[in-house]
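Below is one structure; the comments refer to it alone.
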Amino acid sequence: MSIPHLFRCPISLDIFTDPVTLCTGQTYDRPCIERWLAAGHRTCPVTMQPLGDVAALVPNRTLRHLIERWLSAGPTPPAAAITDAHEEPSLAALKRSLQSGGANANKVAALRKAATLASESDVGRACMLQLGFLPVLLHLVFHPPPPPPPWETTTTDYLSSSEQEELALQCALSLLPSSPTSPEHGCLNVLGTESSLASFARLLERGGARVKASLCRLLEAIAAAPATRDLALAAAASSPRVWQALLPLLHGGGGDGRVSAAAARAVAAVCCCGGATAVHAVRHGAVPALLRCLSSWKSAAAGKAAGGGGGGGANAAVAASALAALEAVAAGSEAGRRAVAREPGAVRALVRHVFMMSSSNEGSEHAVAALLAVCRESRAARGEAAAAGVVTQALLLLQSQCGVRAKTKARSLLKLFKSM
């Protein structure tokens, strides 16, 4: 299946999701043209005509209606996604299958087709978004139909239910646009109900490793998108069970570094939302949990190195994510800075991660930024950092191949300790 030329944005070459027209008569997808204008351009990308100081974006409702009619006609999934020669091969039929009250096994079959289409086809993803698959998938994860009575439940039913949650989450994450400013992120606000947050926490507690990692990615997306910022603030403030399920994943994760790294990124994203999110994180024990995460994955890396095993890259990713979360906690509130300063061993752990000979120093920038935030306000923390060798560590970092931002922060850290 090919997308008609007129239905493609001239910037992204993908199907329009929100077509808007400029004064030049050219139509673009809103997220694409907004990024173009935000970059400082004041010309039409196609005609190069000047747009003036204020570029008006007029919704092209006619084009949007034509695209919706084309989509509702039923674009055909790839042949690999069709198992029954007699079934209706359209996305509309696939969506109806997901919305039906049929058996779990039938839902799983439909989800497998949807997951294949979402993972293998850009056109398929765009069409599924336009047809409203994302809310349907979220409903399947967080509001599944009630299970049958125990005496009617089979092992197959239980396995189908678990697979349904995993596939629906995987498919929903595949459909989410990479840009947090995309209007499609607004669909995630359906998770703002008390029952949805309770389901979210339940799955974090009991789901498999892939489900837990996917939920952490979903929470990260919610925290990063402006359209769902209020949802992230509400979840941080009024859902202690989410914190209680999320924080143990930092140093546990079932031994899976991907789960721990995803949990750390989720904590960092939530703490960067502003408001009192960092305060809530501290209140629920984020600082000691993050430090245990650093310690446990460092020990795991040492054990694998001693045994000749691999896994260093995964451990480095976990450490970098945990350090980013500690930076977010320290930068996000005075309570966060005090918690890091007072936690036994926290300052020494941050100093150790400013520069490490045996690692790629992915988290160095975050370690330096967290130390800057804490040491500027705490004389005791400055003394502890100096005793731990922070000046030597910062100088070694400056001589390394780290990025420009890390070096800039390292110089600020050295300037702070030079004034002592």
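The values are calculated or read from the model by the stated rules, or taken from the named source; none is laboratory data. Being a predicted model, the structure only gives us computed values, none of them experimental. Virtual Cβ from ideal backbone geometry, glycine too; neighbours counted across all protein chains shown. Heavy atoms of the whole protein, side chains included, go into the accessibility calculation; ligands, DNA and RNA do not. Shrake-Rupley method; radii C 1.70, N 1.55, O 1.52, S 1.80 Å.
Taking the criterion of being surrounded by 15 or more Cβ atoms within 10 Å (Cβ to Cβ) and outside any helix (DSSP H, G or I), the only residue of the range 401-420 that qualifies is C402.
Summed over the range 15-28, residues that are buried (at least 21 other Cβ atoms within 10 Å of the Cβ) and closer than 16 Å to P180 by Cβ total 0. Determine, yes or no, whether L204 is part of a helix (DSSP H, G or I) and either open to solvent by 60 Å² or more (accessible area, probe 1.4 Å) or touching a Lys or Arg at 6+ places or on another chain (Cβ under 9 Å) (or both). Criteria met by L204. Could you please let me know if P75 is modelled with pLDDT under 75 and touching a Cys at 6+ places or on another chain (Cβ under 9 Å)? Answer is yes for this residue.
Working only within the range 287-341, note down all residues that are open to solvent by 30 Å² or more (accessible area, probe 1.4 Å), within 22 Å of the chain's Cα centre (by Cα) and at pLDDT below 90. Correct list: G313, A314, A317, G332.
Every condition in (1) farther than 21 Å from P288 by Cβ; (2) open to solvent by 30 Å² or more (accessible area, probe 1.4 Å); (3) without any contact (Cβ under 8 Å) to a residue 40 or more places away in the chain; (4) small (G, A, S) is met by A380 except one, and the failing one is (1). Consider the range 35-57 and keep the residues that are within 33 Å of the chain's Cα centre (by Cα) and open to solvent by 80 Å² or more (accessible area, probe 1.4 Å). The one that is nearest to C127 (Cα to Cα) is R35.
For (1) over 23 Å from S174 (Cβ atoms); (2) open to solvent by less than 10 Å² (accessible area, probe 1.4 Å), each residue gets a yes or a no:
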{"site": "L218", "(1), (2)": "no, yes"}
{"site": "L233", "(1), (2)": "yes, no"}
{"site": "R241", "(1), (2)": "yes, no"}
{"site": "L250", "(1), (2)": "yes, yes"}
{"site": "V259", "(1), (2)": "no, yes"}
{"site": "A262", "(1), (2)": "no, yes"}
{"site": "A276", "(1), (2)": "yes, no"}
{"site": "V282", "(1), (2)": "yes, no"}
{"site": "G285", "(1), (2)": "yes, no"}
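Applying the criterion of being out of contact with any Gly (no Cβ under 6 Å at 6 or more places or on another chain) and open to solvent by less than 20 Å² (accessible area, probe 1.4 Å) to the residues of the range 222-231, the residue that is nearest to V270 (Cα to Cα) is A223. Under the condition of being assigned to a loop (DSSP other than H, G, I, E, B) and at pLDDT below 85, the residues counted in the range 1-12 number 4.
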